[in-house]
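Worksheet: one structure, shown below.
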Amino acid sequence: MPAAKSVEIYIAGQRYVIKTDGDPQYIQELASYVEKRYKELADAAPAKSPQKIAVFTALQLADELFRERTKTSDIKKNIRLKSQKILSIIEKQLKERHRGEKQNTTKKDPLLGA
């Protein structure tokens, strides 16, 4: 198991040291994204306290997450329904083919007189 690495990030002018077993670059990307969203809100409401801006940023990020989860769930449901429909069509075709093969083997061959 890889050893935890310390990653230094800055959000809202504050320095944070994060310990992670994951990719430090990924942590940096997350921090950059949070910082970007924080700055957008801070620029839109400069009179608000940093704590309020941080809370609003967290709410916005949570909203994004929940919306993406809903979209993903809807996509999975749609895929599941379409897959079931396709499977039903395939099964129907296989049954019809099987039935047709059975009928062909039980028919008498007019050329052989049997």
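Descriptive notes on the structure:
- Residue exposure proxy: Thr72, Thr57, Thr20, ordered by other Cβ atoms within 10 angstrom of their Cβ from fewest to most, comes out as Thr72, Thr20, Thr57.
- Aspartates and glutamates with Cα under 16 Å of Lys39, excluding same-chain neighbours fewer than 8 positions away: Glu29
- Links that overshoot a 32 Å alpha carbon limit, given the list Lys82/Lys102; Lys19/Lys76; Lys19/Lys52: Lys19/Lys76
- For Leu59 and Ser32, a Förster radius of 25 Å and the Cβ-Cβ distance give a FRET efficiency of 0.80, rounded to the nearest 0.05.
- Zone residues, the range 19-58, relative to Glu68, backbone N less than 17 Å from point 7 Å out along Cα-to-Cβ: 23, 25-38, 57-58
- Along its three principal directions, the equivalent ellipsoid of the range 5-104 from the Cα gyration tensor extends over semi-axes of 53, 18, 8 Å, largest first.
- Under 11 Å from a label point set 7 Å out along the Cα-to-Cβ vector of Ile75, the amide N atoms of the range 33-68 belong to 68.
- Total formal charge among the other residues, if their Cβ is under 14 angstrom from that of Lys5, Lys/Arg +1 and Asp/Glu -1: -2
- At R0 = 30 Å, FRET efficiency that the Cβ-Cβ distance of Lys5 and Lys39 yields, to 0.05: 0.70
- Amide proton proximity set for Ile11, modelled H, under 5 Å, gap of 5+: Tyr16
- Per-residue [θ]222 nm for the chain (sum of -39500 (n - 2.57) over DSSP H runs n ≥ 4, rounded to 500): -25000 deg cm²/dmol
Quick note: the coordinates plus some simple rules give every number you see, no bench work behind them. The model shown is predicted, which means the values in this text are computed figures rather than measured ones. Don't worry about glycine lacking a Cβ; one is built from the backbone with ideal geometry, like all the others, and counts go over all protein chains shown.
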